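The values are calculated or read from the model by the stated rules, or taken from the named source; none is laboratory data. Note that the structure is predicted; figures quoted are calculated from it, not measured. Here the Cβ positions follow ideal geometry from the backbone for every residue, glycine too, while neighbour counts run over all protein chains shown.
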Ligand SMILES: *Cc1c(COP(=O)(O)O)cnc(C)c1O
């Protein structure tokens, strides 16, 4: 466990210079692409450091700055950048620390488009990735080559919910001079703060818990001033996947309730996981923050909780039965993504028999659930009635 956060300060006050903004309680949206200078010398001075000064909104914007300060503080990082999507943040973090001939060690079954980045995109530039079982520290160490520059983690992973030991991984990375980075979307900074375990960069799809209202797509990278400065001067300014000030204001608003939302999702998840674990039609529940889970010791060491994202393997004879079960659910929307107010279900059987597509390597009787802010009793009742169509 890391040092506690002063959440009420971070979420309600940090970065909000209210005296400068008409004493408005809620920060104004500075919807301006550009900022002017009172003299040539002022421009000359400020442009030397685009990250710290307000020159142009591709680099910096006052509304976005408030959000960056809050995100950095939540992750106990020195600084943060925000991007147009979670995958823009992942891509910027990775691209900033590779060059032609570099090698990456990544854990298996990371987010789908992160996998595409490693497998399909980076080889175009001569960058290779080795995927390893993140539960096996020796396998991580053995995969490192002289040209390796990045250790890429995602803990828990978001389909099978496997963990990596963050302290141990950070030590391996330091010993070999690698930049360690983690996709921390699943736990949110409320339940896991990787930088306090020695990981260099903590990345989020802010689309998920951080915004939490299913109305903004955004990403963030949090890390040391040195690393953030490097990313700013390379991928951030060159590729330009920035957020609009209006979206930054929406995410500032989303953040105000982040601790309440993840707690509600976590409390409900614990009840729903118990329901599934005792249900005769369930073969397996993949949720790391439960004493039955083989990695619970690690979960307990580095996480303070796990909100309501998990997967369940059901007893079923056919994809048709799985579809019938999913279609009977009244309180869960069939959808990708997660982290909003509403409960969702993502059945792996949708990725079997896709027109022209390749079947998912995951079994068709696996379903990922996201537990939103509804009353857990209502969700359990709904799940129970829908499972009546599955065989005994
Ligand atoms: C959704 C997601 C992403 C990508 O984020 P976007 O905001 O959709 O670009 C990355 N990692 C994980 C674990 C995700 O769930």
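Just one of 252, 242, 195 is in contact with a strand residue (DSSP E or B) (Cβ under 6 Å, 6 or more places away or on another chain) and farther than 21 Å from residue 371 by Cα; which is it?
Values: 252 fails: in contact with a strand residue (DSSP E or B) (Cβ under 6 Å, 6 or more places away or on another chain); 242 fails: in contact with a strand residue (DSSP E or B) (Cβ under 6 Å, 6 or more places away or on another chain).
So the residue among 252, 242, 195 that is in contact with a strand residue (DSSP E or B) (Cβ under 6 Å, 6 or more places away or on another chain) and farther than 21 Å from residue 371 by Cα is 195.
Residues of region 159-179 that are within 14 Å of the ligand (Cβ to nearest atom) and over 15 Å from residue 106 (Cα atoms): 159, 160, 161.
Just checking, does region 99-106 include any residue being under 17 Å from the mean Cα position of the chain (by Cα) and within 13 Å of the ligand (Cβ to nearest atom)? Yes: region 99-106 contains one or more residues that are under 17 Å from the mean Cα position of the chain (by Cα) and within 13 Å of the ligand (Cβ to nearest atom).
Restricted to region 7-25, and to residues that are in contact (Cβ under 8 Å) with a residue 12 or more places away in the chain and either part of a loop (DSSP other than H, G, I, E, B) or in contact with a helix residue (DSSP H, G or I) (Cβ under 7 Å, 6 or more places away or on another chain) (or both), which residue is farthest from residue 60 (Cα to Cα)? Can you show your working first?
Quick first cut of region 7-25, residues in contact (Cβ under 8 Å) with a residue 12 or more places away in the chain only: 7, 10-12, 14-16.
Next, from what is left, pick out any that are either part of a loop (DSSP other than H, G, I, E, B) or in contact with a helix residue (DSSP H, G or I) (Cβ under 7 Å, 6 or more places away or on another chain) (or both): 7, 10-11, 14-16.
Numbers: 7: 25, 10: 20, 11: 21, 14: 17, 15: 14, 16: 16 Å.
Residue satisfying both the conditions and the ranking: 7.
From 80, 42, 91, which residue is part of a helix (DSSP H, G or I), assigned by TED's automatic domain parsing to the domain that holds residue 120 and modelled with pLDDT of 95 or more? From the options 80, 42, 91, the qualifying one is 91.
Could we say that residue 311 is at pLDDT 95 or above and within 18 Å of the chain's Cα centre (by Cα) here?
On the way: at pLDDT 95 or above: yes; within 18 Å of the chain's Cα centre (by Cα): yes.
So residue 311 passes the test.
Here residue 114 clears all of (1) without any contact (Cβ under 8 Å) to a residue 12 or more places away in the chain; (2) closer than 24 Å to residue 312 by Cβ except the condition numbered (1).
When every residue of region 52-71 is checked against the conditions, at least one turns out to be within 17 Å of residue 181 (Cα to Cα) and either touching a residue at least 24 places away in the same chain (Cβ under 8 Å) or within 16 Å of the ligand (Cβ to nearest atom) (or both).
Taken residue by residue, region 46-67 has no member that is closer than 21 Å to residue 244 by Cα, under 22 Å from the mean Cα position of the chain (by Cα), in a strand (DSSP E or B) and modelled with pLDDT of 95 or more.
Restricting the first member to region 121-134 and to residues that are without any contact (Cβ under 8 Å) to a residue 40 or more places away in the chain, and the second to residues that are surrounded by 16 or more Cβ atoms within 10 Å (Cβ to Cβ) and in a loop (DSSP other than H, G, I, E, B), the beta-carbon pairs closer than 6 Å and six or more apart or on different chains are 127/98; 127/102; 134/164. Tell me whether region 135-149 contains one or more residues that are touching a strand residue (DSSP E or B) at 6+ places or on another chain (Cβ under 9 Å) and within 16 Å of the ligand (Cβ to nearest atom). Within region 135-149 (the criterion being touching a strand residue (DSSP E or B) at 6+ places or on another chain (Cβ under 9 Å) and within 16 Å of the ligand (Cβ to nearest atom)), the answer is no, since none of the residues qualifies.
In region 200-215, the condition of being buried (at least 21 other Cβ atoms within 10 Å of the Cβ) and over 17 Å from the mean Cα position of the chain (by Cα) is met by no residue.
Please find, among 117, 74, the residue that is more than 16 Å from the ligand (Cβ to nearest atom), under 30 Å from residue 311 (Cβ atoms) and buried (at least 17 other Cβ atoms within 10 Å of the Cβ). Quick ask: steps written out before the conclusion?
Values: 117 fails: more than 16 Å from the ligand (Cβ to nearest atom).
The conditions single out 74.
Of the residues screened, residue 290 is one that is surrounded by fewer than 22 Cβ atoms within 10 Å (Cβ to Cβ) and either assigned by TED's automatic domain parsing to the domain that holds residue 94 or within 26 Å of residue 5 (Cα to Cα) (or both).
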